[in-house]
Amino acid sequence: MFDGRPAYWFGAMPDQTIVYADDGTLQDGYPAELNLRTAAAWAALPGDLAKIEEVIEPDQWTVGDLRDQLPMSSIRGRMASRSTFRRLADK
């Protein structure tokens, strides 16, 4: 499964290809909306709790070779902690 659809993965990263099993189309790129849905699904939270920000300067998360790939996008917001969200929701 990829983005809620049945999919096949061919090859190895970074040259991996994703083909959707339901209609044979290729996954082409990773637009912002897809990244938000993926992060929300991973955190088991609604996607509207996050936003995408451009990272221009190195921070604590851009270590090693990642610094050479700036600028990049970062998904940030209240999605960081499922347990914190659930505690707040219970109040």
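Each value in this text was obtained by applying a stated rule to the coordinates, not by laboratory testing. For clarity, every value in this text was computed on a predicted model and none was experimentally measured. All Cβ positions, glycine included, derive from the backbone under ideal geometry; neighbour counts span all protein chains shown.
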Worksheet item: Between Glu53 and Arg5, what length in nm is gained on full extension when 0.36 nm per residue of separation is reduced by their alpha carbon distance?
Response: 14.6 nm
Worksheet item: For the peptides 15-22, 31-38, what is the packing order when you average, over each peptide's residues, the other Cβ atoms within 10 Å and list the highest mean first?
Response: 31-38, 15-22
Worksheet, complete the sentence: Amide H proximity to Phe2 below 5 Å, modelled H, separation 5+ or other chain, gives Ala7
Item to complete: Using θ = phi - 60° and the Karplus relation 6.51 cos²θ - 1.76 cosθ + 1.60, list the HN-Hα couplings for the range 37-43 in order, rounded to whole Hz, with x at every Gly or Pro.
Response: 4, 5, 5, 5, 5, 5, 8
